[in-house]
Amino acid sequence: MSPGRTTAAALALAALLPASHATPLLRCEVTYAGSTQVVEARVVDDPYPVPSVDVSGRFRFKAVMVGQGERVDHIALYAYLDTHRQPILVQEAKYLPPFRTGAAPYPLTGEQHLYAGPVERELLYQCTLEGVAP
C-alpha cells in the first residue's frame, strides 16, 4: 500500500473507533406523584441560560454542569416549588471535584426526598455522573 493510502485507511479506521474519553453526562431521574422523567445535563461554560424543567406543574428542576470540554468544574442542582406567583427555591446542591472518572455511570447524589408546599408535596430525585476524564 502507498503511504497516502495507508494514512487514509488509518484515518478512516480512527473515525470508526470510539473516542478514548466520553463526554461528561449528568443524568437525573426526577419523580413526582409516581411519574418519573429524566433530566440530562452536559458541560456548559455559562450556567445562566440553562432552563429549569417543569415537573408535573408542581415543581421545577434544574441540573447544571459547569466546565469546559471533558473538565467539570462544578455541578449545581436546583429544585423549586412552582407557585402561582413564582418558583420558590426548595433545595440547592453543589458538588465540587474531584469526581470519579470513567465511562461507567456512578451515583452522585443518592436518592433525595424533598417536601414543599402547603400539603408537603414530595419530589424525589437521584443523579448519576459518567464520562468524566481523569
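The values are calculated or read from the model by the stated rules, or taken from the named source; none is laboratory data. Every value quoted in this text rests on a predicted model; they were computed, and no experiment measured them. Every residue, glycine among them, receives a Cβ derived from its backbone with ideal geometry; neighbour counts consider all protein chains shown. Just so you know, the surface numbers come from the protein's heavy atoms only, side chains and all, with ligands and any DNA or RNA stripped out. Shrake-Rupley method; radii C 1.70, N 1.55, O 1.52, S 1.80 Å.
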*Among the residues of segment 69-76, is any over 15 Å from the mean Cα position of the chain (by Cα) and modelled with pLDDT of 95 or more?*
no
*asked:* Any residue at all in segment 10-20 that's modelled with pLDDT under 95, in a loop (DSSP other than H, G, I, E, B) and not hydrophobic (A, V, I, L, M, F, W, C)?
replied: yes
*Does segment 47-59 contain at least one residue that is open to solvent by less than 50 Å² (accessible area, probe 1.4 Å), farther than 19 Å from Pro24 by Cα and touching a residue at least 60 places away in the same chain (Cβ under 8 Å)?*
yes
_All positions within segment 21-46 that are of a type in the set (A, V, I, L, M, F, W, C), surrounded by 10 or more Cβ atoms within 10 Å (Cβ to Cβ) and in a strand (DSSP E or B)_ = Leu25, Leu26, Cys28, Val30, Val39, Ala41, Val43, Val44
_Looking at His84 and the list (1) within 30 Å of Pro134 (Cα to Cα); (2) modelled with pLDDT under 95, which single condition is not satisfied?_
(1)
*Looking at this structure, is Tyr115 open to solvent by 70 Å² or more (accessible area, probe 1.4 Å), at pLDDT 95 or above and touching an Asp or Glu at 6+ places or on another chain (Cβ under 8 Å)?*
yes
